[in-house]
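The values are calculated or read from the model by the stated rules, or taken from the named source; none is laboratory data. For clarity, every value in this text was computed on a predicted model and none was experimentally measured. Note: ideal-geometry Cβ built from the backbone for every residue, glycine included; neighbour counts use all protein chains shown. Note: areas computed on protein heavy atoms with side chains; ligands, DNA, RNA excluded. Shrake-Rupley method; radii C 1.70, N 1.55, O 1.52, S 1.80 Å.
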Amino acid sequence: MLVPPLLATSEAAEAGGFILAGVLVSLISVYLAAKIGGEICARINLPPVLGELVGGVVVGVSALNLLVSPETAGTADHSLIIRFLETTAGLSPELAPTVFEAESEVISVLSELGVIILLFEIGLESDLKELIRVGPQAAIVAVVGVAVPFAAGTAGLIAFFGVPTVPAIFAGAALTATSIGITAKVLAELQQLKTKEGQIIIGAAVLDDVLGIIVLAVVASLAKTGEIQISNVIFLIVGAASFLIGSILLGRLLSPIFVSLVNQLQTRGQLILTSLVFAFTLSYIASAIQLEAILGAFAAGLILAETEKRHELEEQVLPIADMLVPVFFVTVGASTDLSVLNPTVPSNREGLIIAAFLIVVAIIGKVVTGFTVFGQPGINRLAIGVGMVPRGEVGLVFAGVGSASGVLSESLEAAIIVMVILTTFVAPPLLRVVFQQGSGSSQDLQPSAAAVAGADGATLNAQPEQALEDSENKS
């Protein structure tokens, strides 16, 4: 347990018990917020991950002050959990600051583990063959969908709002990726998954995730140094791409050894523990070479997805993801102070304007991608662009990493959260409208929407990729 070494032995023991109690109460708050929010969103046909985010906002600094940290609340006096421990467990005011800081650090570590598991799961549910097979149309849509919002968002924040370069780059990067889970669910419900539009959207979204992870690794590394140097940017881009490609190539060569080792082990958890050792090893290597640990986790997932253990591993990693990933999303929501967007406070109005600007760039920057598709007469280009709009859990990952690094101001972080929420809310109904009005090449398809969306709606799912493979085999 995290107890400062300067405390006397008796005080350390006493504080250790209170720290454990505080962590337990914090996790109770996290899981209740995640489940209640997720269930409400699921019942109104919205991604449960949005419910986890909103649940975090409710229990965080914007409302109940249950889940707070030194970075957001300042002192233990602001924490309702600390006051609860003082009332019910006899925590003394002298030990309260120590317990508060240690409890917050534990939750922060669990949150970081959550995002590592999330990216490992995303990589595991992706398909390298599909990435290679999506074709030039999807590749162009993906590249434009990353470049346009990133460039427009970054330049606009610097030119119009005077945002410093590094935070502006981070906010621009948060506009890049697309949530494939949300889009795939809507496409399946509309029976558009096997159409040309559906295939291009899914393929481009998968590529978007890969490009987004590389962008995140680059901007997070820049945030650590606090300065922009062209040579450093080039080094980070080359390093991230080389690490990802090199890890995948080496991993594919070593994957038979991995499978053989797992088959020889006889103790409980032989597959999941061996896989986590592999994922954490790549995460450490990425971190050690000044990249983000999540890039290593994503690469590990892509590698293990190529083995015969893929589906078994997907099932075994789900309970771990169900336990840790909500901690990340709820923590992101809890650290978001929405009071900075209160329009009645004059000093907050700039943040609201920034949020509106990010929303416009986020939508337009993705819609234009549909009009870059070539060689496809009669295709519904507007539907392709709208299908790339939702940010979902991917945008939250950017916001969470930016918040943890301290590079984002409160108003800029809240603006990114608002952008993620609105683009994710507005994309599904817009996608329904443009497909109904368009003339896309629809085909009959009746997959399970729940299967496509995934167990929690927060991660990628192999179902869309399988649907694409079935379509290609039939043709």
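Only one of F371, F357 is assigned to a helix (DSSP H, G or I), farther than 28 Å from V115 by Cβ and open to solvent by 20 Å² or more (accessible area, probe 1.4 Å); which? Full working, then the answer.
Values: F357 fails: farther than 28 Å from V115 by Cβ.
Just one listed residue meets the conditions, F371.
Any residue at all in the range 253-264 that is of a type outside the set (A, V, I, L, M, F, W, C) and either touching a residue at least 60 places away in the same chain (Cβ under 8 Å) or in contact with a Gly (Cβ under 8 Å, 6 or more places away or on another chain) (or both)? There is no residue in the range 253-264 that is of a type outside the set (A, V, I, L, M, F, W, C) and either touching a residue at least 60 places away in the same chain (Cβ under 8 Å) or in contact with a Gly (Cβ under 8 Å, 6 or more places away or on another chain) (or both). Does any residue of the range 339-349 turn out to be within 26 Å of L207 (Cβ to Cβ), part of a helix (DSSP H, G or I) and not charged (D, E, K, R)? Taking every residue of the range 339-349 in turn, none turns out to be within 26 Å of L207 (Cβ to Cβ), part of a helix (DSSP H, G or I) and not charged (D, E, K, R).
Can you tell me how many residues within the range 399-430 are surrounded by fewer than 24 Cβ atoms within 10 Å (Cβ to Cβ) and over 17 Å from the mean Cα position of the chain (by Cα)? The total comes to 9.
A quick yes/no check of all residues on (1) in contact with a helix residue (DSSP H, G or I) (Cβ under 9 Å, 6 or more places away or on another chain); (2) over 28 Å from V219 (Cα atoms); (3) touching a residue at least 60 places away in the same chain (Cβ under 8 Å):
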| position | (1), (2), (3) |
| --- | --- |
| I294 | yes, no, yes |
| L302 | yes, no, yes |
| L313 | yes, yes, yes |
| V340 | yes, no, yes |
| P343 | yes, yes, no |
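The helices (runs of 4 or more DSSP H) falling completely within the range 163-258 that include 2 or more residues that are at pLDDT 75 or above, touching a Lys or Arg at 6+ places or on another chain (Cβ under 9 Å) and open to solvent by less than 50 Å² (accessible area, probe 1.4 Å) map to 196-225.
Would you say K129 is at pLDDT below 90, in a helix (DSSP H, G or I) and either surrounded by fewer than 20 Cβ atoms within 10 Å (Cβ to Cβ) or of a type outside the set (V, I, T) (or both)? Steps first, answer last, please.
On the way: at pLDDT below 90: yes; in a helix (DSSP H, G or I): yes; either surrounded by fewer than 20 Cβ atoms within 10 Å (Cβ to Cβ) or of a type outside the set (V, I, T) (or both): yes.
In short, yes.
Only a single criterion out of (1) more than 21 Å from L244 (Cα to Cα); (2) at pLDDT below 90 is not satisfied by T307, namely (1).
Going residue by residue through the range 331-346, is there one that turns out to be under 19 Å from V144 (Cβ atoms) and surrounded by 19 or more Cβ atoms within 10 Å (Cβ to Cβ)? Break it down into steps so the answer makes sense when it comes.
To start, the set of residues in the range 331-346 that are under 19 Å from V144 (Cβ atoms) comprises none.
Looking for residues that are under 19 Å from V144 (Cβ atoms) and surrounded by 19 or more Cβ atoms within 10 Å (Cβ to Cβ), one finds none in the range 331-346, hence no.
S69 passes every criterion in (1) of a type in the set (S, T, N, Q); (2) at pLDDT 85 or above; (3) under 30 Å from A300 (Cβ atoms) apart from (2).
All conditions in (1) open to solvent by 40 Å² or more (accessible area, probe 1.4 Å); (2) under 19 Å from the mean Cα position of the chain (by Cα) hold for L352, with the sole exception of (2).
Just one of the numbered conditions (1) in contact (Cβ under 8 Å) with a residue 12 or more places away in the chain; (2) of a type in the set (A, V, I, L, M); (3) part of a helix (DSSP H, G or I) is not true of L24: (1). Taking the criterion of being within 17 Å of D208 (Cβ to Cβ) and part of a loop (DSSP other than H, G, I, E, B), the residues of the range 374-394 that qualify are M388, V389, P390, R391. Here L271 qualifies as under 22 Å from I116 (Cα atoms), in contact (Cβ under 8 Å) with a residue 12 or more places away in the chain, surrounded by 11 or more Cβ atoms within 10 Å (Cβ to Cβ) and within 27 Å of the chain's Cα centre (by Cα).
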